[in-house]
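Novice: Sending over a structure as structure tokens; questions will come in a sec.
The values are calculated or read from the model by the stated rules, or taken from the named source; none is laboratory data. Because the structure is predicted, anything quoted here is derived from the model rather than measured. Note that we place each Cβ from the backbone using ideal geometry, even for glycine, and neighbour counts take in every protein chain shown. For accessibility, only protein heavy atoms count, side chains too; no ligands or nucleic acids. Shrake-Rupley method; radii C 1.70, N 1.55, O 1.52, S 1.80 Å.
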Amino acid sequence: MIHVLATVELNPGTREQFLAEFHGVMPAVHAEIGCVAYGPAVDATTDLPQQQRLGDNFVVIVEQWESLEALKAHLVAPHMLAYRERVKPFVANVRLQILQPA
């Protein structure tokens, strides 16, 4: 299994539009072979002083895939190619971390 953290920096004021598109593509991703988990996350409201907030212009996509091959297939799936075109106006930068259990 692999874990993926995709930190998406958004253009100011576009987070709700981005999330609407993201939620629209989620069912197709969940149906992909090898998808264990796939969903967006934003800063939680806490009183923990250790928390390092990303801010309103960030979404972290938390993913789990059965294998690197499944992730590679996901990246070129037709619904993902179309999704990336739709969210292009909202996205300023993406940082991708691919991790394995230790």
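Novice: For the charge dipole of the chain, defined by +1 on Lys and Arg C-beta atoms and -1 on Asp and Glu C-beta atoms about the Cα centroid, which residue among Val87, Trp65, Val29 has the Cα displaced farthest towards the positive pole?
Specialist: Val87
Novice: Carbon and sulfur together cover what percent of the accessible area of the chain at a 1.4 Å probe radius? Please report the intermediate quantities before stating the final value.
Specialist: On the way: 3720 of 6400 Å².
Of all accessible area on the chain, carbon and sulfur atoms account for 58 percent.
Novice: Further question on the same structure: Using the Cα gyration tensor of the chain, with a ≥ b ≥ c the square roots of its eigenvalues, what is the shape: rounded (a/c below 1.5), prolate (a/b larger than b/c) or oblate (neither)? Walk me through the intermediate numbers first.
Specialist: Working: a/c = 2.06, a/b = 1.22, b/c = 1.69.
In terms of gyration-tensor shape, oblate.
Novice: Counting helices only, and only those DSSP H runs with n ≥ 4, report the 222 nm mean residue ellipticity of the chain as the sum of -39,500 (n - 2.57) divided by its residues, in deg cm²/dmol to the nearest 500. The partial results should precede the final answer.
Specialist: Working: 3 runs with 34 residues, N = 102.
Helices in the chain give a 222 nm mean residue ellipticity of -10000 deg cm²/dmol.
Novice: For the stretch 1-64, what is the relative contact order in percent, using Cα pairs closer than 8 Å and at least 6 residues apart in sequence? Walk me through the numbers on the way to the answer.
Specialist: Numbers: 77 pairs, mean separation 35.6, N = 64.
Over the stretch 1-64, the number comes to 56 percent.
Novice: Quick one: net charge of Gln97's neighbours, Cβ under 15 Å, K/R +1, D/E -1?
Specialist: Values: positive: Arg95; negative: Glu9, Glu63.
Summing Lys and Arg as +1 and Asp and Glu as -1 gives -1.
Novice: Here is a further query. Hey, can you find the accessible area per residue of the chain for me, probe 1.4 Å, expressed in square angstrom?
Specialist: Values: 6400 Å² over 102 residues.
So the chain comes to 63 Å² accessible per residue, rounded to a whole number.
Novice: Another question, then. Treat each spin label as a single point 7 Å out from the Cα along the C-beta direction, and report the Leu68 to Leu5 distance in nm.
Specialist: 2.0
Novice: Additional query: Determine, for each peptide in 3-13, 47-57, 77-87, the mean count of other beta carbons within 10 angstrom over its residues, then list the peptides with the highest first.
Specialist: Details: 3-13: 15.1, 47-57: 9.5, 77-87: 13.5.
The peptides rank, most packed first, as 3-13, 77-87, 47-57.
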